[in-house]
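So the structure is just underneath, and the comments pick up after that.
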Amino acid sequence: MAQNDAIWRGDAKTGNRYAKKVNTAFDKLTAQGDVGRDALAALFMHPRMDVRVKAAAFLLRHRTEEAKAVLKEAARGQDLVSFAASEALKRWEEGTWALDPELPSSS
């Protein structure tokens, strides 16, 4: 929330600082495997759409159908969050999405 609030205020420096924290938190969660990803999926029910969209964008590979549903709902709007949701869906459909790439199998 803090990252988006900073961006909406026009404070890119603070927004970038929070973006690094978001990415670090995601890395820590994914280091826990699917258990960590599943914990992040709780944000699909967050009251703020921007939080739901960010979680869904990160979890497209792991929770595809749920994440796509969140993004499709958000994409119906006309604001920046809606645009971000539609872009995430577009990247997913074209095969260029890579926020949480699947690790190669060790077998």
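With an 8 Å cut-off on Cα pairs and a minimum separation of 6 or more residues, tell me the relative contact order of region 2-94 in percent. Result for region 2-94 is 16 percent. Among LEU80, LEU43, LEU59, the largest mean-square fluctuation in a Gaussian network model of the chain (Cα springs under 10 Å) belongs to LEU80. Neighbour counts of C-beta atoms inside 10 Å place THR96, THR14, THR64, THR30 in the sequence THR96, THR64, THR14, THR30, starting with the fewest. Across the options GLY15, LEU99, ALA85, the greatest Cα extent toward the positive end of the charge dipole of region 1-101 (unit charges at beta carbon of Lys, Arg, Asp, Glu) belongs to GLY15. Placing +1 on each Lys and Arg Cβ and -1 on each Asp and Glu Cβ, with no other charges, gives region 2-94 a dipole about its Cα centre of roughly 260 debye. What the Cα convex hull of the chain gives, in volume per residue, is 109 Å³.
Within the listed set VAL70, VAL81, VAL35, the residue fluctuating most in the Gaussian network model of the chain (springs between alpha-carbon atoms under 10 angstrom) is VAL35.
For the chain, adding -39500 (n - 2.57) for each run of n ≥ 4 DSSP H residues and dividing by the number of residues yields -20500 deg cm²/dmol at 222 nm. Backbone phi angles across region 8-15, fed through the Karplus curve with coefficients 6.51, -1.76 and 1.60 (θ = phi - 60°), yield HN-Hα couplings of 5, 7, x, 9, 5, 4, 5, x Hz in residue order; Gly and Pro are listed as x.
Quick note: the coordinates plus some simple rules give every number you see, no bench work behind them. It should be emphasised that the depicted structure is a prediction, and the values quoted were computed from it without experimental measurement. Positions of Cβ are generated from backbone atoms using ideal geometry, with glycine treated the same way; all protein chains shown enter the neighbour counts.
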